[in-house]
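What follows is a short report on a single structure.
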Amino acid sequence: MDYRFSKRISALQPSAIREILKATADPAVIPFAAGNPDAAAFPIDDVRAIAKRILDEEPILALQYGVTEGYTPLRERICGYLKEKHNIGRAFDACIITSGATQVMDLATKTLCDFGDVVITESPSFIGSLNCFRSYGVQLRGVPVEADGMNMEILEQKLKENPNTRFIYTIPNFQNPSGATMSLAKRRQLYALAKRYGVLILEDNPYGDLRVAGEHIPSIKSMDEDGIVLYAGSFSKVFAPGVRVGYTVAPAPVVAKMTVGKQAADTHTPMLTQMLVDEWMKTTDFEAHIEKIRGIYRRKLNLMCDLIDEKLGGFVEYVRPEGGMFVWCRLPDAVPMPEFCRRAVEKQVAVVPGSAFCVEEGETTNCFRMNFTTPSDENIVKGMERLGELRHAF
């Protein structure tokens with residue numbers, strides 16, 4: 001049988017990260033390529049007790065169809081928390097619960113973009129979102145990420161050159177993969193540019209609660225008085241990724257169309273997992289749990305970065321992130337990045353080649369990404385020792 005695939009999917013390649021993760025199925029391979037939360041961050045006892053209570057007291061509600069917009073108590077709880085804690089949400093906004101934050105990217109692109117439209121994104125950027133955008137036939141335009149976020153001069157140049165830009169995609173906190181955090185000044189500039197050029201902002205904030213150093217910086221959405229920011233959040237990093245509960249707070253007309261798009265995709269996010277998250281937020285010390293996660297990640301981030309300094313100092317360049325899950329390392333120009341990553345796997349250390357995160361065709365990088373949340377402390381030490389040995393091969 002000669003299988004013919006749609007043009008929109010034929011050009012897509014498998015996620016390099018997912019392909020590399022196949023190698024980490026071998027327990028001997030140290031998974032610096034992963035992006036999973038530490039198992040100690042899961043509130044397992046809470047989930048077990050809450051799930052039993054829900055299935056004992058409200059089994060039909062948990063197992064029946066729900067409305068597409070999401071479980072109403074959870075939507076109200078999220079909106080109340082975001083408004084009180086982060087000044088997110090205005091009278092013109094609405095909220096929809098999604099099957100993970102990646103579905104926000106999918107629904108936003110489905111709702112806002114026609115084939116050939118432009119999405120401007122940070123470069124490098126998260127491969128999952130890039131492939132989502134590509135699947136709808138949009139043209140991607142990359143803006144270099146600096147230590148304090150997007151280069152604003154190049155962003156404005158891209159906006160001038162691409163009048164059919166539909167939205168700007170950004171991960172302002174502990175960006176994946178670079179680990180960079182956008183400064184307050186640049187967040188204000190980004191908002192002003194989007195307003196001036198009449199485009200939307202898609203603010204993806206999966207890592208915002210994982211700050212382990214430095215000062216909190218207000219979200220771009222908290223500045224939104226004009227209805228131009230879509231804010232994507234997730235419980236994957238603070239509760240559990242397997243429940244697949246994300247959300248967006250965005251202008252109500254956009255959410256209304258996203259709702260129609262979601263009805264054609266999966267009808268609604270599972271009621272049981274929505275109720276789990278709602279009960280967890282309602283009955284546990286949410287802030288104490290997040291602080292526990294921060295403590296775990298602070299230790300592991302500092303351990304990895306201290307070992308980079310010790311084992312790879314003078315060989316790689318990097319900026320120590322203030323949170324998140326990743327460290328982005330730049331190799332010397334004379335060291336071929338793909339060969340370094342290949343030899344790392346031979347030493348049973350999996351890292352992600354930076355090319356996986358490139359935005360535009362022909363773009364190159366000599367960087368690689370490492371994750372510090374998935375491996376144990378012991379494996380962080382072992383992995384960095386092996387990479388330290390590898391530097392002598394170049």
Problem set entry | In the stretch 137-168, the residues that are part of a loop (DSSP other than H, G, I, E, B) and open to solvent by less than 40 Å² (accessible area, probe 1.4 Å) | GLY137, VAL138, ASN151, ASN162
Exercise. For PRO353, are the conditions met, namely being crowded, with 18+ Cβ neighbours inside 10 Å and in contact with a strand residue (DSSP E or B) (Cβ under 7 Å, 6 or more places away or on another chain)?
Worked result: yes
Exercise. Within the stretch 35-73, can you find the residues that are in a loop (DSSP other than H, G, I, E, B) and acidic (Asp, Glu)?
Worked result: ASP38, GLU58, GLU69
Seminar exercise, completed: Exactly one of GLY80, GLY89 is open to solvent by 20 Å² or more (accessible area, probe 1.4 Å), more than 27 Å from ALA147 (Cβ to Cβ) and not charged (D, E, K, R), and that residue is GLY80
For this session: Name the residue, out of PRO218, PRO177, PRO206, that is open to solvent by 50 Å² or more (accessible area, probe 1.4 Å), in contact (Cβ under 8 Å) with a residue 60 or more places away in the chain and in a loop (DSSP other than H, G, I, E, B).
Result: PRO218
Exercise. Across the stretch 74-107, what is the number of residues that are over 21 Å from the mean Cα position of the chain (by Cα), free of Cβ contacts under 8 Å to residues at least 40 places away in the same chain and in a helix (DSSP H, G or I)?
Worked result: 4
Seminar exercise, completed: The residue that is farthest from PRO31 (Cα to Cα), considering only those in the stretch 320-346 that are small (Gly, Ala, Ser) and open to solvent by less than 10 Å² (accessible area, probe 1.4 Å), is GLY323
Problem set entry | Some residue of the stretch 279-295 being buried (at least 20 other Cβ atoms within 10 Å of the Cβ), touching a residue at least 12 places away in the same chain (Cβ under 8 Å) and farther than 21 Å from ALA40 by Cβ | yes
Exercise. Can you tell me which residue in the stretch 113-136 is surrounded by the most Cβ atoms within 10 Å (Cβ to Cβ), limited to those that are in a helix (DSSP H, G or I) and small (Gly, Ala, Ser)?
Worked result: SER129
Exercise. Any residue in the stretch 372-394 that is surrounded by fewer than 18 Cβ atoms within 10 Å (Cβ to Cβ) and farther than 23 Å from ALA28 by Cα?
Worked result: yes
Seminar exercise, completed: Scanning the stretch 186-202 for residues that are touching a residue at least 24 places away in the same chain (Cβ under 8 Å) and among the hydrophobic types (A, V, I, L, M, F, W, C), the one most open to solvent (accessible area, probe 1.4 Å) turns out to be LEU200
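The values are calculated or read from the model by the stated rules, or taken from the named source; none is laboratory data. Remember, predicted model here, so these are calculated numbers, not experimental data. When we count neighbours, we look across all protein chains shown, and the Cβ atoms used for this are built from the backbone with ideal geometry, even at glycine. We work out accessible area using only protein heavy atoms, side chains counted, and drop any ligands, DNA or RNA first. Shrake-Rupley method; radii C 1.70, N 1.55, O 1.52, S 1.80 Å.
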